[in-house]
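All of the numbers you see were taken from the coordinates with simple rules; none came from a lab. In this text the structure is predicted, and so the values were computed from the model without any measurement. Here Cβ is always computed from backbone atoms with ideal geometry, including for glycine, and neighbour counts include all displayed protein chains.
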């Protein structure tokens, strides 16, 4: 019996640690986008769609491996062709002959793992038309990329049949949902064209998209009047519905070495490794700041144990609180914290000057250093390698900034919040309502997203 208890005590933590590790590595599907980048819930035969999530794919160790080893997918029991794969995104091509049915099962398999979802397969959802009307003939006919000595350029061409000169379309160049450039382009002779670039910065490997948006609301009144005059009376009602809002999207791969420019895991592996390195370093820096901030807050939070009648704090309750919350290992170490009056007196009076000075010298300086690193990392490429990962790194710093502002502390002490804490001008925004628990949740998501 004693032997069993000893083995149990030894194995249980190991089993728990293993289960936690497996849980953190579990892949998840977050969102499915159609070929126009919409969460419409419908994928269309002959077109592409994208699955976004976490830990969806891992590049093979062999840099010479072709295709996407270990990755397979079916839709309604029929194989899907993978076009691009990374840890956070999978893109597939639906066969032109794929049957149109609702609630078809999407199954993605990778190295023994199985993810499932339900999607409808049918025509791409459009803006409701009047009876017998046709889709608006506004299309992107050409979207290409080219790199020269001057930098990378993206060329967009399209047609806008039935529309008049001086009307405009909005074109937005993006990578993984992060907008790079956006502009309005005039229609001339029922066509439009523009070039984004040249861009001197390095382009991350990926499937770049250009989004077209045409609405009648973005046109000048004179252009709409000219357009309507050119239409017959019977055509106007249908045209106003058909052209009310048009959205199109086209893709071009950059940096792909596979057949036809297909992006292979070996193409994205270097930038994913760099992103992972930076994200884990940022998480480590933010966690170190959080630990220091919590420790200092524990000293200041003795003011919550102040007894107004006795003009002192309930030391017994405060000492026990320090132990219960994990700020002190035992009573002796709690006593040493009580003796630390660097930001609050032993009687529970907050030293607002000392607190503000410590926050500026430790937290603000630490956040500033990390922001310099993030800015340098962002400057390496034209746009974020993964916009969500970049946002999480910055969000953690904004949460720390809000906790360090310590509004509840100053409110309890009935003191005015120093301007140095309220508006430090560090280049990152406060995240309202931030707590240490929220910071740790952000850091967990950040690590999970890069596989750390």
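Testing the spin-label approximation: label points 7 Å from Cα along Cα→Cβ at residue 357 and residue 181. State their distance in nm.
That separation, rounded to one decimal, is 5.1 nm.
Modelling each spin label as a point 7 Å along the Cα-to-Cβ direction, I'd like the residue 142/residue 217 distance in nm, to one decimal.
3.3 nm
Taking the Cα atoms of the chain alone, what are Rg (to one decimal) and Dmax (as a whole number) in Å?
For the chain, the Cα-based Rg and Dmax read 28.7, 94 Å.
Expressed in nm to one decimal, what extension gain is obtained for the pair residue 437 and residue 373 from 0.36 nm per residue of sequence separation less their Cα-Cα distance?
20.6 nm
Output the 0 to 90 degree angle, nearest 10, between the alpha-carbon long axis of helix 233-242 and the longest principal axis computed from the alpha carbons of the chain.
That works out to roughly 30 degrees.
Work out how far the C-alpha atoms of the stretch 24-121 reach from end to end along every principal axis, then list the three figures in whole Å, largest first.
Cα spread of the stretch 24-121 along its principal axes, largest to smallest: 38, 28, 23 Å.
Compactness ratio of the stretch 169-285: Cα Rg over 2.2 N^0.38 Å, N = residue count?
Taking the Cα Rg and dividing by 2.2 N^0.38 Å, one obtains 1.52.
Among 355, 321, which comes first, second and so on when ranked by fewest other beta-carbon atoms within 10 Å?
321, 355
Give the calculated FRET efficiency between residue 423 and residue 444 to the nearest 0.05, with a Förster radius of 41 Å applied to their Cβ-Cβ distance.
About 0.85, to the nearest 0.05.
Find how many whole Å separate the alpha carbon centroid of the stretch 393-452 from the alpha carbon centroid of the stretch 41-113.
Their Cα centres are 38 Å away from one another.
Evaluate the distance, in nm, between pseudo-label points positioned 7 Å from the Cα of residue 311 and of residue 412 along their respective Cα→Cβ axes.
2.2 nm
Suppose the chain between residue 320 and residue 195 were pulled fully straight at 0.36 nm per residue; how much longer would it get relative to their current alpha carbon spacing?
Extra length available between residue 320 and residue 195 comes to 38.3 nm.
For residue 39 and residue 304, what does the FRET efficiency come to when R0 = 41 Å and r is the distance between their Cβ atoms, rounded to the nearest 0.05?
0.35
Between residue 165 and residue 30, how high is the FRET efficiency from 1/(1 + (r/R0)^6) when r is the Cβ-Cβ distance and R₀ = 56 Å? Nearest 0.05.
Efficiency, from the Cβ-Cβ distance: 0.85.
Taking every pair of distinct Cα atoms and averaging 1/r, then inverting, what Kirkwood hydrodynamic radius in Å comes out for the stretch 242-337?
19.1 Å
Mind checking the angle between helix 315-324 and the chain's longest principal axis? C-alpha axes, 0 to 90 degrees, to the nearest 10.
40 degrees
Using only Cα atoms, tell me the angle between helix 2-25 and the longest principal axis of the chain; keep it within 0 to 90° and round to the nearest 10.
40 degrees
Quick one, can you get me the convex hull of the C-alpha atoms of the stretch 385-452 expressed as volume per residue in Å³?
Value for the stretch 385-452: 80 Å³ per residue.
Using the alpha carbon gyration tensor of the stretch 268-450, what are the three equivalent-ellipsoid semi-axes (square root of 5 times each eigenvalue), largest first, in whole Å?
The equivalent ellipsoid of the stretch 268-450 has semi-axes of 36, 18, 12 Å.
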